[in-house]
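Q: Below is the structure I would like to discuss, written out as structure tokens.
The values are calculated or read from the model by the stated rules, or taken from the named source; none is laboratory data. Computed from a predicted structure; not experimentally measured. Please note: Cβ atoms are built from the backbone with ideal geometry, for glycine as well, and neighbour counts cover all protein chains shown. With ligands, DNA and RNA removed, areas are computed over all heavy atoms of the protein, side chains included. Shrake-Rupley method; radii C 1.70, N 1.55, O 1.52, S 1.80 Å.
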Amino acid sequence: MWATLLLQRVVVTYSNAMARIIVTAPQLMSVVNEELPGHEIVGGDHFMDRQELADHIATADALLTSLSDPLDAEMIGKAAKLKVIGQCAAGFNNIDLGAAKQAGVVVTATPGVLHETTADLAFTLLLEVTRRTGEAERWVRAGKAWRYDHTFMLGAGLQGATLGIIGLGQIGEAMARRGAAFGMNVIYNARHQKNVAAIDAVNPNTQPTRRVDLDELLAASDVVSLHCPLTEETRHIIDENALNAMKKTAYLVNTARGACVDEAALVKALKTGLIAGAGLDVFEDEPTITEDLLTMENVVLLPHIGSAALPTREAMSRLAARNIAKVLSGEPAETPVE
Ligand code: DGY
């Protein structure tokens, strides 16, 4: 009995101990501080480079991280007492999960709070590129002549068009519902059959949502939208062959990860008219963007702002911080990466 009591005491003492939490990138610190009272919190006002991260990781109990942090095996190997990596993003392709597991570090992410906002932005890109709003706005701002003209700035229509979703997770499903609301028929490619009831319930005039193989999706879609995680399987899932397989009138939307698309092949496809246009929020070598894209009228470019609505970013910060608090106090994380 004494042994049990002693053990309980040790656990309670540990759970209340002040931990050293490193915040690796700019954060909504009022939210983070609220969720992690009584701990030593370092950073949160700038991006830590590799060296600074390496200097801190050795003494950290927890990291609150961003999607560009290089948490590879070498970096994780420097940790001496790290218990949890609280990634403040849905994606976690910057973290070597195997190395974290081996080091006994719990990895968490923030799904469930950003999918509607990110789908809003993906659909914004879809509308912008198909209706040429960037090009039209640049025209007006440049002071070029215009008047109402039946034949001017004609874009693509959405009613009855086919939206091909690659990766029907939370964000893909939210994008599909938006497509259905605009009268688009949805097809998707995913490793498993998904429950599509919520998509089909949106609009009585659209066709039932169907799972198809990648070749059919590429050949049949008027808009292809990427919502898959970046893995070895999905790296360059849109390559030269995929772009060749798309309709010449089709558009590509990417709010997933830049490296899901072979950017050089995309540039070539846009230049040669293999596809009609692209709406991109993510890039292969962020924040660098292939120069040619900057001058193309049929491309909409955004600086990775998929989830950048204040309430969403607050919810992400809160969830990332809560995950850290839970793991530090010996409880299971709310949204562990498994
Ligand atoms: C994510 O959470 O993975 C997004 O890319 C952030 O907007």
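The rows are residues; the columns are (1) free of Cβ contacts under 8 Å to residues at least 40 places away in the same chain; (2) within 16 Å of the ligand (Cβ to nearest atom); (3) within 16 Å of Asn189 (Cα to Cα); (4) surrounded by fewer than 23 Cβ atoms within 10 Å (Cβ to Cβ).
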| position | (1), (2), (3), (4) |
| --- | --- |
| Val224 | no, no, yes, no |
| Thr234 | no, yes, yes, yes |
| Asn241 | yes, no, no, yes |
| Met246 | yes, no, yes, no |
| Ala250 | yes, no, no, no |
| Val253 | no, yes, yes, no |
| Ala256 | no, yes, yes, no |
| Ala264 | yes, no, no, yes |
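Q: Glu173: among the acidic types (Asp, Glu), open to solvent by 60 Å² or more (accessible area, probe 1.4 Å) and touching a residue at least 24 places away in the same chain (Cβ under 8 Å), yes or no?
A: Values: among the acidic types (Asp, Glu): yes; open to solvent by 60 Å² or more (accessible area, probe 1.4 Å): no; touching a residue at least 24 places away in the same chain (Cβ under 8 Å): yes.
Considered against the rule, which asks whether it is among the acidic types (Asp, Glu), open to solvent by 60 Å² or more (accessible area, probe 1.4 Å) and touching a residue at least 24 places away in the same chain (Cβ under 8 Å), Glu173 comes out as no.
Q: Taking the stated definitions as given, is Met75 farther than 19 Å from Asn323 by Cα and in contact with a helix residue (DSSP H, G or I) (Cβ under 9 Å, 6 or more places away or on another chain)? Before the answer, list the steps.
A: Numbers: farther than 19 Å from Asn323 by Cα: yes; in contact with a helix residue (DSSP H, G or I) (Cβ under 9 Å, 6 or more places away or on another chain): yes.
The answer is yes for Met75.
Q: If you go through region 64-112 one residue at a time, how many are of a type in the set (Val, Ile, Thr), assigned to a strand (DSSP E or B) and within 16 Å of the ligand (Cβ to nearest atom)? Lay out the reasoning, then the answer.
A: Residues of region 64-112 that are of a type in the set (Val, Ile, Thr), as a first pass: 65, 76, 84-85, 95, 105-108, 110.
Filter again for assigned to a strand (DSSP E or B), leaving 65, 84-85, 95, 106-108.
Okay, now just the ones that are also within 16 Å of the ligand (Cβ to nearest atom), so 65, 85, 95, 107-108.
Total satisfying the criteria: 5.
Q: Hey, another quick one. Here are the criteria: (1) at negative phi; (2) away from the ligand (no atom under 16 Å from the Cβ); (3) in contact (Cβ under 8 Å) with a residue 40 or more places away in the chain; (4) open to solvent by 50 Å² or more (accessible area, probe 1.4 Å). Tell me which single one Arg132 does not satisfy.
A: Failed condition: (1).
Q: Let me ask another. Regarding region 115-127, can at least one residue be identified that is crowded, with 19+ Cβ neighbours inside 10 Å, assigned to a loop (DSSP other than H, G, I, E, B) and modelled with pLDDT of 95 or more?
A: First, pick out the residues of region 115-127 that are crowded, with 19+ Cβ neighbours inside 10 Å: 115, 117-119, 121-126.
When the remaining residues are screened for being assigned to a loop (DSSP other than H, G, I, E, B), the result is none.
No, the conditions are met nowhere in region 115-127.
Q: If Ser307 satisfies every condition in (1) more than 14 Å from the ligand (Cβ to nearest atom); (2) among the small types (Gly, Ala, Ser); (3) open to solvent by 10 Å² or more (accessible area, probe 1.4 Å) but one, which is the exception?
A: It is condition (1) that Ser307 fails.
Q: Shifting gears a bit: Determine whether Leu230 is of a type outside the set (Val, Ile, Thr), open to solvent by 20 Å² or more (accessible area, probe 1.4 Å), modelled with pLDDT of 95 or more and more than 16 Å from the ligand (Cβ to nearest atom). Lay out the reasoning, then the answer.
A: On the way: of a type outside the set (Val, Ile, Thr): yes; open to solvent by 20 Å² or more (accessible area, probe 1.4 Å): yes; modelled with pLDDT of 95 or more: yes; more than 16 Å from the ligand (Cβ to nearest atom): no.
Considered against the rule, which asks whether it is of a type outside the set (Val, Ile, Thr), open to solvent by 20 Å² or more (accessible area, probe 1.4 Å), modelled with pLDDT of 95 or more and more than 16 Å from the ligand (Cβ to nearest atom), Leu230 comes out as no.
Q: A further question on this structure: What is the residue count in region 29-38 for residues that are in a loop (DSSP other than H, G, I, E, B) and buried (at least 19 other Cβ atoms within 10 Å of the Cβ)? Explain how you work it out, then say what you get.
A: Of region 29-38, the ones in a loop (DSSP other than H, G, I, E, B) are 36-38.
Now restrict to residues that are buried (at least 19 other Cβ atoms within 10 Å of the Cβ): 36.
Adding up the residues that qualify gives 1.
Q: Checking Glu338 against (1) modelled with pLDDT of 95 or more; (2) surrounded by fewer than 23 Cβ atoms within 10 Å (Cβ to Cβ), only one condition comes out false. Which one?
A: The single condition Glu338 does not satisfy is (1).
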